[in-house]
1. With no solvent and one equal point scatterer placed on each C-alpha of the stretch 52-102, evaluate the Debye formula and give log10 I(q)/I(0) for q = 0.14, 0.21 Å⁻¹, two decimals.
2. Find how many whole Å separate the alpha carbon centroid of the stretch 196-238 from the alpha carbon centroid of the stretch 56-92.
3. Considering only protein heavy atoms and a 1.4 Å probe, what is the carbon-and-sulfur percentage of the accessible area of the chain?
4. Per residue of the chain, what 222 nm ellipticity follows from adding -39500 (n - 2.57) for every DSSP H run with n ≥ 4, rounded to the nearest 500?
5. Under a 5 Å amide H to amide H cut-off, with H placed in plane at 1.01 Å, what residues pair with Ile235 once short-range neighbours are removed?
6. Give me the angle, in degrees from 0 to 90, between the Cα long axis of helix 110-141 and the longest principal axis of the Cα atoms of the chain, rounded to the nearest 10.
7. Please check: in the Gaussian network model of the chain (C-alpha springs, under 10 Å), which one of Leu89, Leu216, Leu15 has the largest mean-square fluctuation.
8. Would you mind getting the accessible area per residue of the stretch 1-69, heavy atoms of the protein chains only, 1.4 Å probe, in Å²?
Amino acid sequence: MLAVVLVALVAIGALAMGLGRLGPGWAVVTAAGRAVAQLAVVSLLITAVLRSGWWTGLFVLLMFTIAAVTSARRIGVPVRRLPWIAVALASGLVPVLALVLGLGVVPVQPIAVVPIAGIVIGGAMTATSQAARRALDELSSRHGEYEAALALGFLRRAAALEICRPSAGQALIPALDQTRTVGLVTLPGAYVGVLLGGASPVQAGVTQVLVLLGLLAAESVAVLVTVQLVAAGSIERG
């Protein structure tokens, strides 16, 4: 029955994409297939990874690398720009992990480091991709305004920021909405997972608040750095 439900969910997503001309329906099928395959592999490897601090560090580095490559592809930047995407991701990830792990709020143990790092990396990746795409699209569609700003004496970076910063900031809307409505509209995964693990509702709530605020901080910094890198020409297409 689980298999039937999963196939039905994929079919609904693919049909919605195809019939609504929102994009190729096979993209949903491909994404679903990759999710199943990747989680199957991770499920087999995670036990071994969690037994070693070194393996845990390498696993987090692998997650970070894949996130940077995925974001670069989504933005449409060439390979030579990949290091700048990694800089944007790291700018959001490093301060959050340093704070929560360095002060002992989250224990420096593999079983705790892997999930919290994965959550923050995923959030920073999404925010970076959205911010860069919006900023680059805005600079492309409003190139005349950019040239006008240069004619008025603006420096290139300042002119680019005037054009792309407002739209790029919209990449934070999902994180802001999720944080504002938690408990009223949704009960996110961290809360439910901790609750099902036997913790009290208060402990689950504290954990979820930590995750949400950590995500919001990481995504805010990542978007800030991404916009600056786009304005400076470090992140660009072609």
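The values are calculated or read from the model by the stated rules, or taken from the named source; none is laboratory data. Computed from a predicted model, the values in this text were never measured in an experiment. Cβ placement follows ideal geometry from the backbone for every residue including glycine, while neighbour counts extend to all protein chains displayed. Protein only, heavy atoms only, side chains kept; ligands, DNA and RNA dropped before computing areas. Shrake-Rupley method; radii C 1.70, N 1.55, O 1.52, S 1.80 Å.
1. The Debye formula, applied to the Cα set alone, gives -0.41, -0.79.
2. Between the Cα centre of the stretch 56-92 and that of the stretch 196-238, the gap is 15 Å.
3. Numbers: 9820 of 13810 Å².
Carbon and sulfur atoms account for 71 percent of the accessible area of the chain.
4. Values: 10 runs with 189 residues, N = 238.
Taken over the chain, the calculation gives -27000 deg cm²/dmol.
5. HN-HN under 5 Å from Ile235: Val230.
6. So the inclination is approximately 20 degrees.
7. Maximum fluctuation in the GNM of the chain, among the listed residues, is at Leu15.
8. I get 74 Å² per residue for this part.
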